[in-house]
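Structure first, commentary second.
The values are calculated or read from the model by the stated rules, or taken from the named source; none is laboratory data. The model shown is predicted, which means the values in this text are computed figures rather than measured ones. Heads up, the Cβs are rebuilt from the backbone with ideal geometry, glycines too, and the neighbour counts pull from every protein chain shown. What goes into the accessible areas is simple: the full protein's heavy atoms, side chains included, and nothing from ligands, DNA or RNA. Shrake-Rupley method; radii C 1.70, N 1.55, O 1.52, S 1.80 Å.
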Amino acid sequence: MHHHRPASRRGFLLSAAALAVAASLGVNAGEALAQQPPARLIITAIPDDGDADRMRENFGALARHLGQAVGIPVEYMHVENYAASVTALATGRAHVAWLGAVTTAQARMQMGEQLTILGCRDIDKGFVSYFIANPATGLGTVSDLGELAKAAQGKGWSFTFGSKSSTSGHMMPRKYFMDQAGTTPEKVFRSVAYSGSHDVVMQMVADGTHPLGALNYASWDKADDALKARAPIVYKTPPYTNYALAARADLGPDLLARLRAALLAVDGSTPEGAQVLKYLKAGKFIEADIGEWQGYVDLLESGIDIGG
């Protein structure tokens with residue numbers, strides 16, 4: 001092991017020299033060394049899978065892929081809830097995080113310019129939500145949600161979203177409703193419920209518990225034809241951006257560029273790449289900019305209630 005010593009000694013002397021220069025310039029020594037890549041990178045993710053072991057296995061594969069590409073060990077760190085993933089990134093306990101749209105916006109609000117985006121999945125820019133109606137409403141498709149609000153006037157219809165904290169089952173459908181109808185669902189419908197999941201929304205609209213509802217397109221698309229006929233689509237929202245692989249900007253431009261390149265290079269040719277893409281139901285990763293999540297920041301700042 002003797003031959004390693006000069007290199008580490010040299011590294012130590014360089015660091016000491018950098019600190020001395022920083023001190024003489026009156027610069028914070030930490031800032032002068034911030035562009036030094038960390039000895040290992042920590043990646044975390046929102047626990048929306050619900051299965052910690054499966055997340056460890058699959059995000060572990062992404063960690064290995066990135067680590068091999070940038071030449072720094074990357075380790076996956078599991079967190080117990082959505083808020084913890086944002087906090088880990090904001091405090092530097094994690095350097096990289098797989099976040100949903102809402103958590104990306106929350107991280108942006110906490111971190112400002114310290115948050116950057118490495119990329120997203122090919123499917124993340126084309127998410128849409130569907131508004132569905134029980135056939136007993138007599139509603140056909142509407143050109144926009146202002147038309148839906150007019151049709152609902154005086155009808156006493158109730159409406160259901162999915163989970164309060166869902167991007168595609170509550171937040172985006174609500175945003176489009178407010179933008180297009182110029183009012184809130186609460187002012188239009190007799191009552192507004194949160195049924196918890198996309199599948200339950202579809203079931204409740206189909207059985208007439210709620211004449212109308214909103215849900216994620218993927219959940220509607222996978223239902224059988226009989227169920228679709230009892231809960232037909234009356235409106236499809238414009239597309240919006242969903243998940244992101246976010247990172248701390250203080251990793252420095254060089255390492256960030258290498259991480260971006262490594263993410264975009266993920267494909268089915270390696271066991272890790274194939275595993276990650278299958279797990280995340282993606283064909284590939286694509287470039288993205290933090291500006292694409294600004295709409296969510298605006299929504300959160302407007303005081304929308306997304307629950308705990």
- Task: Under 14 Å from the Cβ of H78, count the other residues' Cβ atoms, weight Lys and Arg +1, Asp and Glu -1, and hand me the total.
- Result: -4
- Kindly provide the Kirkwood hydrodynamic radius of the range 128-236 in Å, to one decimal, from all pairs of distinct alpha carbon atoms. 13.2 Å
- Message: For the range 36-107 and the range 121-162, what is the centre-to-centre distance using only Cα atoms, to the nearest Å?
- Response: 35 Å
- Message: From the helices alone, meaning DSSP H stretches of at least four residues, give me the mean residue ellipticity at 222 nm for the chain, per-run term -39500 (n - 2.57), in deg cm²/dmol to the nearest 500.
- Response: -13000 deg cm²/dmol
- Message: Show me the trypsin sites (Lys or Arg not before Pro) within the range 151-251 that DSSP assigns to loop and that have at most 16 other Cβ atoms within 10 Å of their Cβ.
- Response: K155, K164, R190, K222
- Got the relative contact order for the range 128-236 handy, in percent, Cα pairs under 8 Å and 6 or more residues apart? 46 percent
- Got a number for carbon plus sulfur as a percent of the chain's accessible area, 1.4 Å probe? 54 percent
- Message: Sort T87, T141 by heavy-atom solvent-accessible area, probe 1.4 angstrom, most to least.
- Response: T141, T87
- Query: If we count every other residue with Cβ under 14 angstrom of M171's Cβ, Lys/Arg +1 and Asp/Glu -1, where does the sum land?
  - Reply: -1
- Item | Residue with peak Gaussian network fluctuation, the chain [Cα springs, cutoff 10 Å], from Y296, Y176, Y76 | Y176
- Size-normalised alpha-carbon gyration radius of the chain, reference 2.2 N^0.38 Å: 1.21
- Query: Hey, in the GNM for the chain with a 10 angstrom Cα cutoff, which one of L215, L280, L259 fluctuates hardest?
  - Reply: L280
- Message: Explain nothing, just the number: relative contact order of the range 239-308, from Cα pairs under 8 Å at least 6 residues apart, as a whole percent.
- Response: 24 percent
- Message: Contact order normalised by length for the chain, with contacts defined as Cα pairs under 8 Å and 6 or more residues apart; what percent is it?
- Response: 26 percent
- Which of the lysines could be linked to K164 by a straight reach, that is with a Cα gap under 26 Å, when you skip same-chain ones fewer than 8 residues away? K125, K150, K155, K175, K187, K222, K228, K236, K281
- Return one whole number: the accessible area per residue of the range 141-183 in Å², for a 1.4 Å probe. 38 Å²
